Every structure is written in structure tokens, then in C-alpha cells.
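Read-outs: derived from the displayed coordinates by stated rules, not from any lab. Fair warning: this is a prediction, and the values are worked out from it, not measured in the lab. Here the Cβ positions follow ideal geometry from the backbone for every residue, glycine too, while neighbour counts run over all protein chains shown.
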2 protein chains.
Amino acid sequence: MIKSARAVALVALPLLIATLPSQAAGRTMADVLAASKPSDWRPLDPNNTLYMDLPGGRVIIELQPEFAPRHAANLRALARARYFDGLAITRSQENYVVQWGESDAKKPMGDAHKALAPEFTRSASGLQFTALPDRDTYAAQTGFVNGFPAARDAANGSAWMVHCYGMVGAGRDNDVDSGSGAELYVVTGNAPRQLDRNITLVGRVLQGMDILSTMPRGKGVMGFYQKPEERTPITQIRLAADVPEAQRARLEVLRTDTQTFADLVESRRNRQDEWYKVPAGHIDVCNVPLPIR
Amino acid sequence: MIKSARAVALVALPLLIATLPSQAAGRTMADVLAASKPSDWRPLDPNNTLYMDLPGGRVIIELQPEFAPRHAANLRALARARYFDGLAITRSQENYVVQWGESDAKKPMGDAHKALAPEFTRSASGLQFTALPDRDTYAAQTGFVNGFPAARDAANGSAWMVHCYGMVGAGRDNDVDSGSGAELYVVTGNAPRQLDRNITLVGRVLQGMDILSTMPRGKGVMGFYQKPEERTPITQIRLAADVPEAQRARLEVLRTDTQTFADLVESRRNRQDEWYKVPAGHIDVCNVPLPIR
């Protein structure tokens, strides 16, 4: 909602402590989450979690190997080879993407491949797909797979992850197999859904989006920085599994195959608070919050 | 598109100079714009143009009085009363909005009203509405009115502007008539379409979005800054009509009721370049570029 600063100061305390669940009907997202059970949440798999350390703090990325197993494996290998350490954020384009790494850094790549077959789509069968009830402009059906926004098309049996804010993908050139994960981008603007099925999405940012989204925009073509000193250096990227257990982030992600998530979606399709006068009655796949705690 | 830094360096020159129109079929947006006629563009009306000067540069906002005449009039009066000068950016919430001004600054408001009747929707009749061919998740139909993204519903004859990236609205509290334009917000994340018909949109940012979108995120409730020193001061907000003609920005906006705009929409629904392998075949109202020159 869009409240005045004065009104927010007045209500801030009640908002923060109103965590008791209300009745089933007319619940807010806060109500739904407060009533969640421990089994509604899943821990992160350290084999699918990357830590990108920047001068401004840590960015945590969750990989989605159900859609991009080859790219996930390559990213694990690149992290183990310390490929990204000392590379930089190279691009920040207004209302579009921030990009980092280098496809041709002339550094040891360990067990990683220099190029990979594309993973733009996969078969929809075998996926636990939680469908949204609402129509989508781009896809026959949208929904979620294990916490990631996705789409599927019964006409050809394919499924793919979709380009929402915070989704991470592997840059490529004109050849479909020219990406490897050595150059990554994150969506920092309105969902660029035209990229769906044209490039491999590998996962999403769970923490630290604020660091990436506020990177000064580059003045070059497509938002690339023109001078080396404009780039933000990457201290390191590590796989969580390669970090001592005590140093890993203990985040949990709300499971999207639960009744709690279905209730959350409904609480956002039809907002139930005093501010909203006309509930939307619908929700876009990229407007559904994917809670982390 | 998402290209490697190396590839972009190689193609940057050809991209920039390839401005000759191609054949009618398979044109890119650059082709379409290069073939535009002078009459496809309209100058800004200085009575509907605000200059917001920040330490980081000038933000230019175009008001849309066809949808929000009372708010436009109030904003002209507030600018004339120098109401905003010395106020600040008060809020920056990740993937949502940046907000500025104050509804209760205890400053002279000139001819402005302290509160206004809402302008959430209006009658669809009398509007030059350029409809998009694609379905929308939230509205019966979407399109454009004089360069602004909008929606309409034949069932009840109403129309409204929609919350796309860069759209500017007037904050309000729980009462629908509690907004005045003294507190404004701009969308800096994925289109929050649930706000449509719940709050008054007044216009859009034409220039300087990069200044607003990269504001450090506030750590308080809803992204409000917690300390005064975190706020960015507003040097001044002026109506272009009140600025000497020689100091006005000479921007032109592509008219959305033209064949050139229809061609642009089609060039974005089905991208025609070597990078895209699967044209989307559709476009969301918030993904259509609204060119300015």
C-alpha cells in the first residue's frame, strides 16, 4: 500500500505485532504466514545455494536444477574453481538487468564447460506444478515449482521458469549454446517475459536483491559500464556446501505445494485490509511473494 | 537481450548506426523509430510537465489530466507554492516504490487543496484508447491513452491508468479522499497492478528514473528511511510553464494513436533479431516501451 510517512509512523507498532492468525476468511498474508506450520517450510540445499560476496554485502542465490541441471552443475564447478573471484558487476541497465562475470575471462574453469546445451524449456511431466487460477499474457498456464515461478503449455508438454524480478539467468550470445553460467544476470525491472524460452534461467536471488538493484546504471550500450572503475568487484562466489556448516545462512523457503501457500496466493489476489477498496481478484505470477525466513 | 560484454563490445558500433529502415516485415523497434514521421511525435505541454531537481540530477514527470484533472491542478498549485522545495525522498522499498514529499508539512500550500476526491477511475467514453491485442491478467482490456498505459472495462464503462514501472501516483491513507499530491510515489519494481483502481495515478517519469530507482532502500517499515540524514533532499519541483522557455527540456513523446506506435508494439510482440529464437507472440501493457526523444 502507499501510505503517508505520518500514517506509517502511527501504525508501525500495531503492524509489527499483529501476528496472531485471524479467521479463515479475509486473512492477510501476515495472518497466513503466522499460522504456517514448520512443515510448510523447507531449508536450502547447500548444493543448490551460492553466496556472492560483494563489498556491499552477501547475495544469496538458489539454483533450480529441476529446470537447469547442466547449468547448476557448471556453476558449482565454476564456484569451486574460484572462477568469479576478482571478476565484477559489468552491467546495470535501467528497468531490466544487472549482469556479472565474464564468459571469456581466461581463468581456470575447473570441471566447468565453456559452453552448454541450452536449458530453455523441459518436459512438464514429473514436475510438482502448483498452478495459479489466473490467466497470463504470455503463457498458457503459470504457477510454481518448488518455490520458483514457472509456466507450462499442455499443447506441447513443455515447462519453463519465467523471468520475474530477482530471477537469475545465464547470459548467452546469438548461438543458443553459447552460455555457460560464467556470465550471469538478474532481473531488476518489470518482468521481461519476452526472454522466457530464449535463455536459461538458473535460479533466483533469495537475499541481497537491494544490493544488486541499486547498482548505478551503466552509461554504455545496454547498460554496460564504460570504465573499469565503475564496476563493482566480486569478492568471491562460493557454493554453500563448500563453506563450513557454521558459516552457512539458515534460511527457509515457503513450500509452494502447500495449503499455506494457496492461502497466501488468495490473500494477495484479494487484499483484505482497510487500505484496499477494490480487490484485484487476480494475480500475476511475478507478483506473488515467495517468502523466506 | 542478454549478451556477453565481449559480444556487445564487438557489435556496439553496428547497433548504433543501423538506423536505416528495413522492409515492412520483420522490423526491429530501431527500424520502426527510424522510419517515424515528425507528426508521430508530440511535444510536452509545459502545463503538464514537472521538473523535480535532486542533487543527482533532474527528474521530468508528465502529468495526465485526462485521468486525474484535480490532482494535476493541485500539483501545479503545490509547485507554484514551492511546497516541495526542501522536502525529501522519504521511502525506497525494494521492488515496489520510491516516495517523496509530505502530506502534512505545515507549509503554505498556495491554491492547493489539502485533500482531493479520488480519481481512481473515470468514464471510458471520450478517450482515444489504443488497445493492445493481448489478454491481461488483471483487466478486461489494456492499451494506451495519449502515451500512458491504461485499462478499460466495457462491462461498466470505466477506464483507469495502470501501475507500470515509472508511473507516478498520489499517496493516500485509508480514506479514499486523503491524498492530495503533496506526497507522491513512483513504481520502481514489477508492476504492482493490485494498486490499480485503489489510488490516483497522476502521470509518469519521462527522464531521471535511474536517479529514483537506485535510491538506497530504507530499512524501516515499508522502506521508509529511519533517519533524517538517509533522506535525499528535494532541491525544488517546478512546473515547466513557470520556467523560462529557454530552460525547458525539449522532449518529444511518441504518440500512441499512430501507425508507427502500432508497428512498434508488433516489433516488440515478436522480436526480429538474431538473438531471439522464440518470439513471445504477446506483450504485457507494462512491457511496451513508450519512446521519448
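Considering every residue in A:185-194, what mean count of other chain Cβ atoms within 10 Å of its Cβ is obtained?
Details: counts 2, 0, 3, 5, 11, 10, 7, 5, 5, 14.
For this peptide, the per-residue mean of nearby foreign Cβ atoms is 6.
Shielding of A:278-288 by partners, i.e. mean partner chain Cβ atoms within 10 Å per residue? Kindly include the intermediate steps, with their values, before the conclusion.
On the way: counts 8, 3, 10, 2, 6, 4, 10, 1, 6, 9, 0.
Taking the mean over all residues of the peptide, I get 5.
By counting other Cβ atoms within 10 Å of each Cβ, how are A:THR256, B:THR28 ranked from fewest to most?
With the sparsest Cβ surroundings first, the list reads B:THR28, A:THR256.
Straight distance only, please: which aspartates and glutamates reach the Cα of B:LYS114 with their own Cα at less than 18 Å, same-chain residues fewer than 8 apart left out?
The reachable aspartates and glutamates, counting only those whose Cα sits under 18 Å from B:LYS114, are B:ASP85, B:GLU102, B:ASP104, B:ASP173, B:ASP175, B:ASP177, B:GLU183.
Taking all pairs of different Cα atoms in the stretch B:46-142, averaging 1/r and flipping that mean, what Kirkwood radius in angstroms comes out?
On the way: mean 1/r = 0.0621 Å⁻¹.
Result for the stretch B:46-142 stands at 16.1 Å.
Report ³J(HN,Hα) in whole Hz for each residue of the stretch B:186-200, in order, from the Karplus equation J = 6.51 cos²θ - 1.76 cosθ + 1.60 where θ = phi - 60°; Gly and Pro get x.
Couplings: 10, 6, 10, x, 4, 3, x, 5, 5, 6, 3, 6, 10, 7, 8 Hz.
When you count, for each residue, the other Cβ atoms within 10 Å and take the mean per peptide, how do A:161-169, A:241-249, B:80-88, A:89-97 rank with the highest first?
Numbers: A:161-169: 25.6, A:241-249: 11.2, B:80-88: 17.8, A:89-97: 23.2.
Output ranking for A:161-169, A:241-249, B:80-88, A:89-97: A:161-169, A:89-97, B:80-88, A:241-249.
If you average the sequence gap of Cα pairs under 8 Å that are 6 or more apart and divide by the length of the stretch A:45-250, what percent do you get for the contact order?
Values: 460 pairs, mean separation 69.9, N = 206.
The value is 34 percent.
Where does the protein assembly as shown land on Rg/Rh, using Cα atoms and the Kirkwood Rh? It would help to have the intermediate numbers written out before the result.
Values: Rg = 23.6 Å, Rh = 24.9 Å.
Reported Rg/Rh (Cα atoms, Kirkwood Rh): 0.95.
Residues with amide H under 5 Å of A:VAL162's amide H, sequence separation 5 or more or different chain, H placed in the peptide plane at 1.01 Å from N; which?
The answer is A:ALA150, A:ALA151.
Just order A:38-49, A:142-153 by mean Cβ neighbour count inside 10 Å, highest at the front, would you? Working shown, then result.
Values: A:38-49: 15.2, A:142-153: 23.1.
Those peptides, ordered most packed to least, come out A:142-153, A:38-49.
Roughly what angle does helix B:69-80 make with the longest principal axis of chain B, taking Cα atoms, 0 to 90 degrees, to the nearest 10?
70 degrees
Just order B:278-290, A:204-216 by mean Cβ neighbour count inside 10 Å, highest at the front, would you?
Ranking the peptides B:278-290, A:204-216 by packing returns A:204-216, B:278-290.
Taking Cα atoms, how many degrees apart are the long axis of helix B:5-17 and the longest axis of chain B, rounded to 10 and kept between 0 and 90?
Approximately 80 degrees, to the nearest ten.
May I ask for the distance between the Cα centers of the stretch A:26-81 and the stretch B:142-215, given as a whole number of Å?
About 32 Å separates the Cα centre of the stretch A:26-81 from the one of the stretch B:142-215.
So how strong a dipole does the protein assembly as shown carry about its Cα centre when Lys and Arg Cβ are +1 and Asp and Glu Cβ are -1, to the nearest 20 debye? Please list the in-between numbers first.
Values: 68 positive and 64 negative charges, 120 e Å.
Roughly 580 debye, rounded to the nearest 20.
Given the -39500 (n - 2.57) contribution per DSSP H run of 4+ residues, what per-residue ellipticity at 222 nm results for the protein assembly as shown, rounded to the nearest 500 deg cm²/dmol? Each step should come with its number before you reach the end.
Numbers: 10 runs with 94 residues, N = 586.
Counting only the DSSP helices, I get -4500 deg cm²/dmol.
Calculate how steeply helix B:259-269 sits against the longest principal axis of the alpha-carbon atoms of chain B, using the helix alpha-carbon long axis, and give the answer as 0 to 90 degrees to the nearest 10.
Its long axis makes an angle of about 80 degrees.
Taking amide H positions as placed 1.01 Å from N in the peptide plane, with prolines and chain starts having none, which residues 5 or more places from A:VAL97, or on another chain, fall under 5 Å of its amide H?
Under 5 Å from the amide H of A:VAL97: A:THR188.
Let me know the mean shielding of B:96-105 by other chains, meaning the per-residue number of their Cβ atoms within 10 Å of its Cβ. Please list the in-between numbers first.
Values: counts 3, 2, 0, 5, 1, 2, 3, 5, 4, 1.
For this peptide, the per-residue mean of nearby foreign Cβ atoms is 3.
Starting from one equal scatterer on each C-alpha and no solvent at all, send me the Debye-based log10 I(q)/I(0) for the stretch B:45-250 at q = 0.09, 0.17, 0.18 Å⁻¹, two decimals.
For the requested q values the scattering log ratios are -0.32, -1.18, -1.32.
What does the charge dipole of chain A about its Cα centre add up to, to the nearest 20 debye, if the Cβ of each Lys and Arg holds +1 and the Cβ of each Asp and Glu holds -1? Before the final figure, lay out each step's value.
On the way: 34 positive and 32 negative charges, 79 e Å.
Dipole about the Cα centre, nearest 20: 380 debye.
Rg/Rh for the stretch A:185-293: what does it come to with C-alpha atoms and Rh from Kirkwood? All intermediate terms of the calculation are to be shown ahead of the outcome.
Numbers: Rg = 18.5 Å, Rh = 18.0 Å.
My calculation puts Rg/Rh at 1.03.
Can you compute 3J(HN,Hα) from phi for each residue in the stretch A:204-218, using the Karplus curve 6.51 cos²θ - 1.76 cosθ + 1.60 with θ = phi - 60°, rounded to whole Hz and x for Gly and Pro?
8, 7, 9, 8, x, 4, 4, 5, 6, 6, 9, 4, x, 5, x
Just to verify a number: FRET efficiency for A:SER123 and A:ALA155, C-beta to C-beta distance, R0 = 22 Å, to 0.05?
0.95
In the stretch A:45-250, if the dipole is taken from +1 on Lys/Arg beta carbons and -1 on Asp/Glu beta carbons about the Cα centre, which of A:ALA159, A:THR235, A:ALA105 is farthest to the positive end?
The one lying farthest along the dipole's positive direction is A:THR235.
With the crude spin-label approximation of a point 7 Å out along Cα→Cβ, what separation in nm comes out for B:LYS107 versus B:ALA262?
So the two model labels end up 4.6 nm from each other.
Say the dipole of chain B comes from +1 at the beta carbon of Lys and Arg and -1 at that of Asp and Glu; which of B:GLY220, B:PRO69, B:ASN47 then lies farthest toward its positive end?
So the residue we want is B:GLY220.
Enumerate the amide H contacts of A:GLN207 below 5 Å, restricted to partners 5 or more residues apart or on another chain; note that Pro and chain-start residues carry no placed amide H.
The list, which skips near neighbours in sequence, is A:ILE60.
Quick one: what are the phi-derived ³J(HN,Hα) couplings along the stretch A:174-182, Karplus 6.51/-1.76/1.60 with θ = phi - 60°, whole Hz, x for glycine and proline?
Residue by residue, the stretch A:174-182 yields 5, 6, 5, 9, 8, x, 9, x, 5 Hz.
If you put a point 7 Å past Cα along the Cβ direction, how far is that point for A:ARG293 from the same point in each other copy, in nm, smallest first?
5.4
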